[in-house]
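See below for the structure under consideration.
The values are calculated or read from the model by the stated rules, or taken from the named source; none is laboratory data. Everything numeric here is computed off the predicted structure, so don't read it as measured data. Glycine also receives a Cβ, built like all others from the backbone with ideal geometry; neighbour counts cover every protein chain displayed. With ligands, DNA and RNA removed, areas are computed over all heavy atoms of the protein, side chains included. Shrake-Rupley method; radii C 1.70, N 1.55, O 1.52, S 1.80 Å.
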Amino acid sequence: MPEDGSVSAPRTTRRGERVMAVVNRDPMDAPHRLRTDALIAGGAGALSLVLAFVTDDRRVPDAFGLGLLVTSALLVAWRRSGPVLVLLAMIPLLMTYHGLDHAHSAPMPQTFIVLYTVAVTGRPLRTLVTGGVVIGVMVSVVSSIDTHQGIELLRISGWIIAVLFLGVDVRFYRHYVASMVERAERAERTREEEAARRVVEERLRIARDLHDLLAHSITVIGVQTSVASHILTVDPDRLDRKAVARSLDDIAGTCREARAELRTTLQVLRAGSPDGDGPLPDLAALPGLVRTAEAAGARVDLSVRTPPGRLAPATGAAAYRIVQESLTNAVRHAGPGVRITVAVAPAPGSPALRVTVTDDGAGPQEDAGAPGFGIVGMRERARSTGGTLEAGPRPGGGFEVAAVLPCQESAPAPAEEGLPVGGTAL
């Protein structure tokens, strides 16, 4: 074993955890209760016999007294099955034992154990009544035999009171620990349910954005189809073939774009979401977010480089929402004066858009309350486009949110079997 104690430290920790588990556990729920209590009864009986022979040479018990002493100790084996019944059974045995004027301190081990069990398993009022009855009976019986011994027993009865208060204190402590564990488990369950609910809400918000996208696409298709129909039917003598071809190409492009958006989002969205609230935000709206963050006291550096071609509206909306939530979290957790860098650029080596938001603040504090669900929502946003998102503290300080959102190809898709060039299939 190494001299630095690297192996013994975990063992010591595990041993301490086992000890605390035994202390915190309800005695009525402990495993192997009868076997454990039988061992405790044997130990109490052995200690009682030792005390009977060494504490008072003039009052060494005879065979009958030893039998009473051992029997009272054996009753400890059933102390958790019926603490009060065991105590009631011990009282006549010990009264007879003390009445024979044997060593009066010998029965203390089993007496303390049973009194502690009564205190730790019952209400404080029952404990106080039990303690008063036991002390009164013991002092009365012994005083009737030997006044000096009765006074001595009354003097040491403080140990009995201490044992009773120890049992009550342990009972309160265990109830406190149990309530704390229950509250922690309930809070964890509530948090998991809340996280699931927030995920569903975020997906429905994405569905509303998708609703706006599809409504826009279908409207554009309808307008372009009406233009082509007007050119072909109303004024055929002035047929503009280029205008018709351009309208049909626009329709095909819009259909391909809508098909791509549906393919990337149908796996994470639920049906039946409410109507959208307005047009989809995109990268062009990022300066407005920057102005809002700067109005809150932050210093924001914005850099936007869009990839070549047309950016899919859902990708632009996801990038907008991720930047929006990241700026909100940075201002909330880092406070006024934080410096934030927002970079939107094509990801090197892949047809994707990389969104990075970093700040120089301290990030969320562990003692600042329960964390929010913003990162959960941002991950759902990234997933809706087939992308990924990572968020966490930076090694040099601050916090970073980095998302990679795949870009939809804007070039015409190849013809599929059974469809002309520019057709769509979902």
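You can think of it this way: the chain between residue 388 and residue 339 has 15.2 nm of extra reach, that is 0.36 nm per residue less the Cα-Cα gap. Summing +1 for each Lys or Arg and -1 for each Asp or Glu among the other residues whose beta-carbon sits under 10 angstrom from that of residue 340 gives -2.
Calculated from the alpha-carbon coordinates, the stretch 72-112 shows an Rg and a Dmax of 10.2, 31 Å respectively. Heavy-atom accessible area for residue 78, with the other protein chains in place and a 1.4 Å probe, reaches approximately 130 Å².
Below 15 angstrom from the Cβ of residue 76, what's the summed charge of the other residues (Lys, Arg +1; Asp, Glu -1)?
Numbers: positive: 33, 35, 79, 80; negative: 37.
Surrounding charge for residue 76 is +3.
Once the Cβ-Cβ distance of residue 284 and residue 200 is raised to the sixth power relative to R0 = 30 Å, the FRET efficiency obtained is 0.50.
Full extension of the chain between residue 128 and residue 180 yields a length gain of 16.0 nm, computed as 0.36 nm times the residue separation minus the alpha carbon distance. When the alpha carbon gyration tensor of the stretch 47-194 is reduced to an equivalent ellipsoid, its three semi-axes come out at 39, 15, 12 angstrom, largest first.
Any idea of the accessible area per residue across the stretch 305-352, 1.4 Å probe, to the nearest Å²? Don't jump to the answer; show the numbers that get you there.
Working: 2120 Å² over 48 residues.
It amounts to 44 Å² per residue over the stretch 305-352.
Can you bin the stretch 297-364 into rounded, prolate or oblate? Criterion: square roots of the alpha carbon gyration tensor eigenvalues sorted a ≥ b ≥ c, rounded for a/c under 1.5, prolate for a/b above b/c, oblate for the rest. Could the numbers behind the result be given before it?
Working: a/c = 2.71, a/b = 2.18, b/c = 1.24.
It comes out prolate by the Cα gyration axes.
When the residues 128, 49 are ordered by accessible surface, computed with a 1.4 Å probe over the protein chains alone, the sequence from largest down reads 128, 49.
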